[in-house]
Amino acid sequence: MVATSTKSSFWRGFRTGVPFLMVIIPFGLLFGIVATDAGMSSFEALAFSVVVIAGAAQFTAVQLLQDQAPMVVVLASAIAVNLRMAMYSASMTPHLGRLPLWKRAMTAYFLVDQVYASAILEYEERPQLTLAEKFAFFMGVVTPICLPWYVATVAGTIVGNAIPPELGLDFAVPITFLAMIGPMLRTRAHVWAAIAAVAGALAFVWLPFNLGLMVGAIAGMITGAYAETRAEEAKA
Amino acid sequence: MIPEWKIWLTIIGLGAASFGLRFVFLGLIGDRAMPEWVLRHLRYTAVAVLPALIAPLVLWPSATGGTFDPLRFTAAMATLVVGYKTRNVVASILAGAAILISGNYLLP
């Protein structure tokens with residue numbers, strides 16, 4: 001019984017992850033192309049995707065390396081782009097914190113945007129899931145997202161610049177994230193959180209090291225929590 | 001040309017930092033209970049971080065050198081509206097991609 005329910009959770013996760021191939025493959029290809037363009041070998045590009053496994057931060061780092069930016073600026077900027085991962089980690093903790101340490105390390109390694117967004121949506125929609133089912137779902141999503149990321153990177157270093165610009169690959173990332181935001185807007189508190197986050201990020205877009213993102217994110221979280229408290233008071 | 005050592009220092013440094021950021025709460029807090037007010041804020045993590053990350057990219061896309069682009073903006077809004085109405089990520093991506101690609105081919 002336990003085995004079948006974790007197995008079905010894994011496959012539900014797998015099916016949830018598959019559509020993201022439409023984004024992961026072009027995005028990975030694009031990283032391979034950009035890395036080759038910057039003078040990296042296929043092996044170096046692959047090492048980037050396996051060790052760092054964070055698209056936006058990888059693009060940031062390669063861009064700055066190419067601009068001859070000092071090492072400190074390269075690392076600080078790319079790490080700033082990735083600061084949101086700490087929030088994902090905190091957000092996953094109530095759901096996966098009881099896993100053994102090695103499984104927590106494993107989920108931490110694979111905690112990329114699309115996996116996080118899919119997992120948190122599932123955990124909120126199905127609060128009755130057991131710990132084993134939650135972990136199985138997580139690894140199910142990871143399979144069609146993270147493995148193709150590595151393969152697509154290497155493929156990108158090989159195909160080079162053969163992709164037509166009309167496909168609008170540069171906009172693949174914003175489109176994917178927007179597609180994940182829509183279904184997340186389940187309550188008025190979620191909508192207010194998103195509006196405050198956008199307002200904060202745009203108002204502080206001039207801050208260095210992508211700190212505008214952090215300001216917006218924190219503003220959004222506080223607004224969401226406040227709106228939720230107000231909604232509960234109104235009900236009571 | 002980027003020197004080899006810079007590439008590898010970036011890979012290792014950024015890799016370690018990225019893992020550290022993803023592991024910090026999962027690994028260190030683990031199964032210890034977090035206070036209700038913290039959980040209340042964490043519920044809005046995704047819906048705050050992702051829009052904050054995307055908003056500047058939608059208004060000032062890097063591909064146009066940071067100038068507002070009506071086509072990309074329309075595609076972005078269509079993606080959001082379809083996702084909100086249908087609760088379907090794939091339908092939403094397809095809507096945005098269809099507008100973006102057809103616009104790129106059809107518009108002068």
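In the range A:1-17, the residue that is farthest from A:VAL52 (Cα to Cα) out of those that are surrounded by 17 or more Cβ atoms within 10 Å (Cβ to Cβ) and among the β-branched types (Val, Ile, Thr) is A:THR6.
Only one residue in A:THR107, A:THR60 is outside the structural domain of A:MET221 (by the TED database), farther than 28 Å from A:VAL159 by Cα, in contact with a helix residue (DSSP H, G or I) (Cβ under 7 Å, 6 or more places away or on another chain) and in a helix (DSSP H, G or I). Which one?
That would be A:THR107, the only listed residue that is outside the structural domain of A:MET221 (by the TED database), farther than 28 Å from A:VAL159 by Cα, in contact with a helix residue (DSSP H, G or I) (Cβ under 7 Å, 6 or more places away or on another chain) and in a helix (DSSP H, G or I).
Going by the structure shown, is A:GLY97 farther than 18 Å from A:VAL34 by Cβ, touching a Ser or Thr at 6+ places or on another chain (Cβ under 6 Å) and not hydrophobic (A, V, I, L, M, F, W, C)? For A:GLY97, the condition - farther than 18 Å from A:VAL34 by Cβ, touching a Ser or Thr at 6+ places or on another chain (Cβ under 6 Å) and not hydrophobic (A, V, I, L, M, F, W, C) - is not met. Scan the range B:88-108 for residues that are facing another protein chain (nearest Cβ under 9 Å) and in a helix (DSSP H, G or I) and the total you get is 14.
Conditions (1) over 14 Å from B:LEU80 (Cβ atoms); (2) at pLDDT 90 or above, marked per residue:
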{"position": "A:PRO174", "(1), (2)": "no, no"}
{"position": "A:MET180", "(1), (2)": "no, no"}
{"position": "A:PRO183", "(1), (2)": "no, no"}
{"position": "A:TRP192", "(1), (2)": "yes, yes"}
{"position": "A:VAL198", "(1), (2)": "no, yes"}
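Looking only at the range A:19-45, residues that are touching a helix residue (DSSP H, G or I) at 6+ places or on another chain (Cβ under 8 Å) and not in a helix (DSSP H, G or I) come to 3 in all. Only one of the listed residues (B:LEU14, B:LEU42) is surrounded by 21 or more Cβ atoms within 10 Å (Cβ to Cβ), within 28 Å of A:MET40 (Cβ to Cβ) and not charged (D, E, K, R). That residue is B:LEU14.
The number of residues in the range A:65-101 being in a helix (DSSP H, G or I), more than 9 Å from chain B (Cβ to nearest Cβ) and over 21 Å from the mean Cα position of the chain (by Cα) comes to 2.
The values are calculated or read from the model by the stated rules, or taken from the named source; none is laboratory data. What you are looking at is a predicted structure, and each value in this text was computed from that prediction instead of being measured. FYI the Cβ positions are ideal-geometry reconstructions off the backbone, even for glycines, and counts take in every protein chain you see.
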